[in-house]
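The values are calculated or read from the model by the stated rules, or taken from the named source; none is laboratory data. In this text the structure is predicted, and so the values were computed from the model without any measurement. Positions of Cβ are backbone-derived with ideal geometry, glycine not excepted, and every protein chain shown enters the neighbour counts.
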Amino acid sequence: MKKIIFSLLSVAVLIAMGLAAVSPPPVSAASSGALYAGTGADLIGVGTVTWSHPGRITADDGSYATADVGHGHQTHYLRASDFGFDSVVPSGATIDGIEVTIGRYSSGHKSPFIQDTVVRLVNGSGTIVGDNKAATTTDWPTGSEAPATYGGVSDDWTASLTAADIRDSDFGVVLSVDNPNKSYDRDAYVDYIRMTVYYTPGCSNNGQFDVELVSVTNNLTDNTQTWCYEVTNLASGTCCHDLSHWVLDLCDTTLLRPVLQQASSQIHTLGTVMLLSGKQLL
């Protein structure tokens, strides 16, 4: 069997030649999976209270970053970064959503307890960006740790992040908390910070099809010959949702000329695999 690679110059449907093209199914959003911060650090910029042991936020292991927050005081940022997204989020991807989960709890027996002040993203340049997702009036749990989740599969935090940002080790999230209790000091405990990135893969192999001649059959009853090809779309990603803007460039492809010689030729689509068949006079 002969096999060739050819490019689609532009996909217009070749109606005049009886060819019908159907778009392949849309590309679904992919997920990085939940990854833990590789680095934790205390970062000044807000508040006055320093986080102790910030490097302990890299695993769900009961080892805590802590802050002793006096009544009416706020912490510095607890910065989580170096998530390792460069190994799972491809270059050129479109970022659809970001989900952050923080395992935390507060000391104390009488409300109010520790509360969020800031939960924001950090881009690849180390700049704090996007929406503040902090639940500023919600007490942290006491007695035992519980997770809090911010963002989601289609929530981009209005941060205008690119795949390059996500893949950078500086990308991450910052957390600051306060103690609204007017009478008692509180300790804030953070076990881990993990993140999931939802994205649509970028385009690869755009306009590339793999074409394989699968059979040639002689039809003695009408003195014709039927040629059948398998055409596999090698492209993937956002640029490949719709084939309707391309034109099949078959004019100089000897292998496919028999398809063009019969107006009743057809393309049948199954996912990204198409079968072409056509007849020519023997």
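Okay, residues lined up against (1) out of contact with any Cys (no Cβ under 9 Å at 6 or more places or on another chain); (2) over 16 Å from Arg194 (Cα atoms); (3) assigned by TED's automatic domain parsing to the domain that holds Arg186; (4) surrounded by 15 or more Cβ atoms within 10 Å (Cβ to Cβ):
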site: Ser81; (1), (2), (3), (4): yes, no, yes, yes
site: Ser106; (1), (2), (3), (4): yes, yes, yes, yes
site: Arg120; (1), (2), (3), (4): yes, no, yes, yes
site: Ser144; (1), (2), (3), (4): yes, yes, yes, no
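For the residues Asp191, Asp165, Asp185, Asp155, the requirement of being assigned by TED's automatic domain parsing to the domain that holds Pro112, surrounded by fewer than 24 Cβ atoms within 10 Å (Cβ to Cβ), in contact with a His (Cβ under 7 Å, 6 or more places away or on another chain) and of a type in the set (Asp, Glu) singles out Asp185. Of the strands (runs of 3 or more DSSP E) that lie entirely inside the stretch 136-246, those containing 1 or more residues that are modelled with pLDDT of 95 or more, under 17 Å from Arg120 (Cα atoms) and within 26 Å of the chain's Cα centre (by Cα) span 146-151, 172-178, 186-200. Selection of the stretch 61-73 for residues being on the phi < 0 side of the Ramachandran plot, surrounded by fewer than 16 Cβ atoms within 10 Å (Cβ to Cβ) and within 31 Å of the chain's Cα centre (by Cα) yields Asp61, Ser63.
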